[in-house]
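Below is one structure, written out as structure tokens; comments come after it.
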Amino acid sequence: MIVYIRHRSPDMCFVFTIDLRYSLILRCIFFVLIAVARGRYENVNVKQDWWENAVFYQIYVRSFMDSDSDGIGDINGITSRLQYLKDLGVDAMILAPIFKSPMHDFGFDVTDYYTVHHEYGTTEDFEELVKKSREFGMKIILDFVPNHTSNESDWFVKSSHKDEYYSDWYIWENGHLDSSGLRRPPNNWISSFRKSAWTYVPSRDQFYLHQFGDSQPDLNYRNPVLVEEMKTLMKYWLEKGVAGIRLSSVNYLVETDKDLYGGRYPDEPMTGKPGVYADDYNYLEHIYTKDQGENYDLISQFREALDAITIRDNVTRVLMTEACTGIKKSVKFYGEGVHLGAHIPLNFALLKDVGKESDARDIKYATDRWLTYKPLRKPANWMTGAQDKSRLASRFRSELVDSFNMLVLLLPGIAVTYMGEELGMVNGFVPWSETRDPLACNTDDPVNFIEVTRDPFRTPFQWNNGKNAGFSDAEKTWLPVAEGYEHINVASEQAAVRSHYQVFRSLTTLRARPAFRLGRYESLALNSDVFAFKRWYNDDAYVIVMNVGKGYQVVNLTAFDLIFGQLEVEVSSVLSSRSYGDNVQANYLDLAADEAVVLRMQV
Ligand code: GLC
């Protein structure tokens, strides 16, 4: 074979003679090189399932938006605010329980899983919400409460009268009489809402177990009929167009097998923790009631039920689990081998392992830890807020809100935020006289209830600086509006040039880029106050730098591989003096106290 290569100058012409054998090899190399070069860029279109990189927004329905002026948020209220959620960059909403309930634990005590709670609306309202959300390209996840029902549910009422079918749907045990003839519970188990986990019912002359409030009897998951009923319930809502199910308190579902202990549930050992009262949950080590191995099998069964619908419709229905427990037990909810577990076992690292006293090294440690324990091929998820946890601005300080929103939205994987964190809402003040949370009421203590109350994290969402922060027209809202709503609200923050809301929106826009969707991750504590991480995909690289300390800092970002020269500011925290498009030097970045920036490497 002869190859002519003609130089631009017509009088020069090189002639090469190449053996046919080599020609074939050369052609192969040529095609491989083309494929590699294309691949570098074409991967940008790697297909990800809808949930694998989604922004999930948790809505505490009772406090989001009131459409009928009764001081309580509702479903039509959410429907009226879908544009807001869309603009914010939300992919899916997680609704706190919407089912019929006497509201002792505000929906976490269900009387009927097939009915929408009347204060929140009707089934038709819910269907309309699903339909409209779909039009906006957003999905709905429903929070299920699998561990217990309300003691007012039909199931429980029938069970407490030994109805043949429902008799074994709850955990019933005989008590005993003590030496003074007083009726005593079956054992020493304590409820996570304080005091004995057993309550006596005269109609059965037995005690029922409740690991939460006494109005929340635990279901008996050793009964296969109940397990099937739960699957049927989930399917019912999935058929209504729900995109997934969040299962709360999944590490409480199954208790130890009493047959292993001669048919009697054994006492739990004491922790011996100083300063803990005998009525407190932490008084005991919950070795028989929490984190039992059977929970994982149950989740895997629920996953199968969801997957059947996913396969039929070719649209993934997502299973999300909530278990606040040790890391190894948490990540086990992903499932093992062929036994698939949850798609998203919620990650409490940023809620539990990082606190007011934490510095940059603690943030690195907490994030690395989750990424290390999580199964390699499963997406991570990051959660910074929830209805049971202090708000970001109060848990840390309001100056760090943007930093934590950068973490939740730009770390690799799924983002799970809680309504109001995009505004930097602070915990409300709810006095004892207005306290509604059963966990707080159970303390019977008008002073120390403040240590445990969750009401401050559930105060009404702040839409504007008008009456009730625009949440409701009612004279009184179910919980008081938090202080500071005059400035911390949607309308003001949308109008402002710099606000937490504006930062949040820029971040959700940014996370659509390949570096954040698909890119690699590396993190460094540049010193004890400055945490930084790099996300990159091919040549597109970003460094997110946050000074979580209270002093001025100078750092050198060339500690990261291939970060040098100038970087450009993409997003900066509210208090930063930097703006979009400003340049900074990689080897000398000065940061004010609490400043956080997202920088793009210039190529
Ligand atoms: C979950 C909920 C919490 C509720 C508890 C008992 O942990 O997040 O709000 O009180 O379950 O149902």
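The values are calculated or read from the model by the stated rules, or taken from the named source; none is laboratory data. The structure presented is a predicted model; accordingly, all values stated were derived computationally and were not measured. Here the Cβ is made from the backbone with ideal geometry for all residues, glycine too, and neighbour counts use every protein chain on show. Calculation scope for accessible area: heavy atoms of the full protein, side chains included, ligands and nucleic acids excluded. Shrake-Rupley method; radii C 1.70, N 1.55, O 1.52, S 1.80 Å.
Structure summary
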| item | result |
| --- | --- |
| Residue 446 out of contact with any helix residue (DSSP H, G or I) (no Cβ under 8 Å at 6 or more places or on another chain) and either open to solvent by 30 Å² or more (accessible area, probe 1.4 Å) or among the polar types (S, T, N, Q) (or both) | no |
| Failed criterion for residue 435 (all others in (1) within 16 Å of the ligand (Cβ to nearest atom); (2) under 29 Å from residue 415 (Cα atoms); (3) of a type in the set (S, T, N, Q) hold) | (2) |
| Unique match (being surrounded by fewer than 20 Cβ atoms within 10 Å (Cβ to Cβ) and under 31 Å from the mean Cα position of the chain (by Cα)) among 581, 549 | 549 |
| Total residues in region 382-432, condition within 16 Å of the ligand (Cβ to nearest atom), touching a residue at least 40 places away in the same chain (Cβ under 8 Å) and not in a loop (DSSP other than H, G, I, E, B) | 3 |
| Any strands (runs of 3 or more DSSP E) falling wholly within region 183-249 and containing at least 1 residues that are over 23 Å from residue 269 (Cα atoms) and within 16 Å of the ligand (Cβ to nearest atom) | 244-247 |
| Checklist (1) assigned to a loop (DSSP other than H, G, I, E, B); (2) open to solvent by 10 Å² or more (accessible area, probe 1.4 Å); (3) within 16 Å of the ligand (Cβ to nearest atom) applied to residue 459, failing item | (2) |
| Test: residue in region 515-538 that is touching a Leu at 6+ places or on another chain (Cβ under 7 Å), part of a helix (DSSP H, G or I) and more than 27 Å from residue 371 (Cα to Cα) | no |
| Candidates 486, 493, filtered to the one that is part of a loop (DSSP other than H, G, I, E, B) and assigned by TED's automatic domain parsing to the domain that holds residue 460 | 486 |
| Hits in region 328-345 (condition: surrounded by fewer than 19 Cβ atoms within 10 Å (Cβ to Cβ) and farther than 15 Å from residue 249 by Cα) | 328, 336, 337, 338, 339, 340 |
| Residues of region 475-492 that turn out to be in contact (Cβ under 8 Å) with a residue 60 or more places away in the chain, in contact with a Ser or Thr (Cβ under 9 Å, 6 or more places away or on another chain) and open to solvent by less than 10 Å² (accessible area, probe 1.4 Å), as a count | 1 |
| Strands (runs of 3 or more DSSP E) fully within region 57-157 counting 1 or more residues that are over 21 Å from residue 381 (Cβ atoms), open to solvent by less than 10 Å² (accessible area, probe 1.4 Å) and not small (Gly, Ala, Ser) | 112-116 |
| Among the residues listed as 188, 174, 220, the single one being in contact with a helix residue (DSSP H, G or I) (Cβ under 8 Å, 6 or more places away or on another chain) and of a type in the set (S, T, N, Q) | 220 |
| Failed item in (1) more than 19 Å from residue 211 (Cβ to Cβ); (2) open to solvent by 10 Å² or more (accessible area, probe 1.4 Å); (3) assigned to a loop (DSSP other than H, G, I, E, B); (4) among the aliphatic types (A, V, I, L, M), with residue 278 passing the rest | (1) |
| Scope region 481-524; condition in contact with a Pro (Cβ under 9 Å, 6 or more places away or on another chain) and more than 29 Å from residue 543 (Cβ to Cβ); matching residues | 481, 482, 485 |
| Residue check, residue 114 in contact (Cβ under 8 Å) with a residue 24 or more places away in the chain and away from the ligand (no atom under 16 Å from the Cβ) | yes |
